[in-house]
Amino acid sequence: MKKIQSLVAAVGLLLTVGCGNSTTSDSSSSSSGSSTAQFSFGSLLTKSLASGSGGADSGPIVSVADYNNDGKGDFAVLNRSLGSVSLFLSSGSDFQSEQIFSTVSASVAITSGDFNGDGFSDVVVINTNSISFLYNNGAGGFLSQVEVPLGTANQLVACADFDSDGHQDVVVAESGSTGIHILYGDGGSAPASYTLVDYTTSTLQNPAAMVVNDVDSDGKADLVFGNGSTNSLAVWYNHGSDRAGQFPSADSSSSGLTLPTGTTARGVACGDFNGDGRLDIACSGATSSSDGFIELFMNTTSGFVVNAAVEASPDQQTLTVGDFNLDGLADIAALSRVGVNSTGNGEVDFFMGDGIGGLYSQLSYQLGARATAIASQDFNADGLPDLVVGANGSAYVLLNTSTR
């Protein structure tokens, strides 16, 4: 695969909300050689966080969902050091005023799901030794937290219905360990509604990233981890048995699959990059402070096959997958924490999929602060995948203005 050359694109319209000024710059778009779709992200909304810091330097701090069920995507930002969640509900062209909800102190990660089965998206937050549920009040906000004790050194969180009982479960990965916790839910709201099961094997080594998806197409949610100690990915297949034997453990017959990477995978995501109907794995990382990479693992009938890593901006962090240029193919939006030229500001890098397992171009959007996490959602209900980036003191929303 050829090396991707960086093309810096100015944001078409920068709207600074809550800071008293606005800036306009030239717009830019591009199209691939195989598509007439015009790719552009023409607007950037900057939402200042009244709570102060938007997060520490690592770990996911943004989560997306339609929290008030109005058909428009919303987002929540975890204020890690302050023990609070900032909620922004979309009004279509902008967002309503920030709402702040208290949660566990020294929080480290956040995700969303309907944990009590009422049809509204809730939020779950973890800290080093507990998990906190913020249940949706059905009116565009959250109720007071419900805290559940949970192990030690927790770092990553995600959710899915792992045991296929119709209720959302929560998976938590521990920093510096070989284990995870899964809280299996029964659809209730009390701490007693969750059953804790622990899993541990040698294939998991100090997880730095985690994603949930059905990578073997059997209808069950699997787990993919980026290992922080062994320069590898760990793939844990869901065996669909009783809860105790659902995932690899020290006393099970399966220890999971290990895929070597170029260096620590700080971000992982899944998408079908070659159009064969199977989910592939994308990971991002950096071999030095000046050299980042994106790496694809193609899911074949005989296992995963790695494609050559492509060059990316320095200090790559999390990434997300979507059809950002509307050509029907899976693309990647990856977050560089430092940004090109080591400015100290964040940067969003776009890598376009060619439909046969390659990435053929890159556009970069500079942000105004050191950024930590990225997620994709349609915030203005126009059918296009937009982006939100969590950063220190701010959240940036990039609105997709591409045309087919």
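Of all accessible surface on the stretch 69-144 at a 1.4 Å probe, what whole percent is carbon and sulfur?
Working: 1100 of 2420 Å².
Carbon and sulfur together cover 45 percent of it.
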For ASP163 the rounded accessible area (nearest 10 Å², probe 1.4 Å, non-protein molecules ignored) is 30
Given a 1.4 Å probe, the accessible area of the stretch 95-224 per residue, as a whole number of Å², is 35
Under a 1.4 Å probe, counting only protein heavy atoms, ARG337 has an accessible area in Å², nearest 10, of 40
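Tell me, what is the Rg over Rh of the stretch 140-196, with Rh the Kirkwood radius over Cα pairs? Numbers along the way, then the final one.
Working: Rg = 12.2 Å, Rh = 12.4 Å.
Value, to two decimals: 0.99.
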The computed P(r) of the stretch 86-232 puts the percent of Cα pairs beyond 23 Å at 38
Per principal axis, largest first, the Cα atoms of the stretch 269-317 extend in Å by 36, 16, 12
Note to self: C-alpha centroids of the stretch 181-228 and the stretch 98-159 sit apart, in Å, by 16
Interchain or sequence-distant (5+) residues whose placed amide H lies within less than 5 Å of the amide H of GLN377 are ASP386, LEU387, VAL388
Treating every alpha carbon of the stretch 171-254 as one equal point scatterer without solvent, the Debye formula yields log10 I(q)/I(0) values at q = 0.11, 0.12, 0.14, 0.21 Å⁻¹ of -0.30, -0.35, -0.48, -1.02
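I need the per residue convex hull volume for the stretch 312-404, using only the alpha carbons, in cubic angstrom as a whole number.
Details: hull volume 8.0 nm³, N = 93.
Each residue corresponds to 86 Å³ of Cα convex hull volume.
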Rounded to the nearest whole number, the per residue volume of the convex hull around the C-alpha atoms of the stretch 191-234 in Å³ is 107
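The values are calculated or read from the model by the stated rules, or taken from the named source; none is laboratory data. Here the structure is a predicted model, which is why all the values come from computation and not from measurement. Note: areas computed on protein heavy atoms with side chains; ligands, DNA, RNA excluded. Shrake-Rupley method; radii C 1.70, N 1.55, O 1.52, S 1.80 Å.
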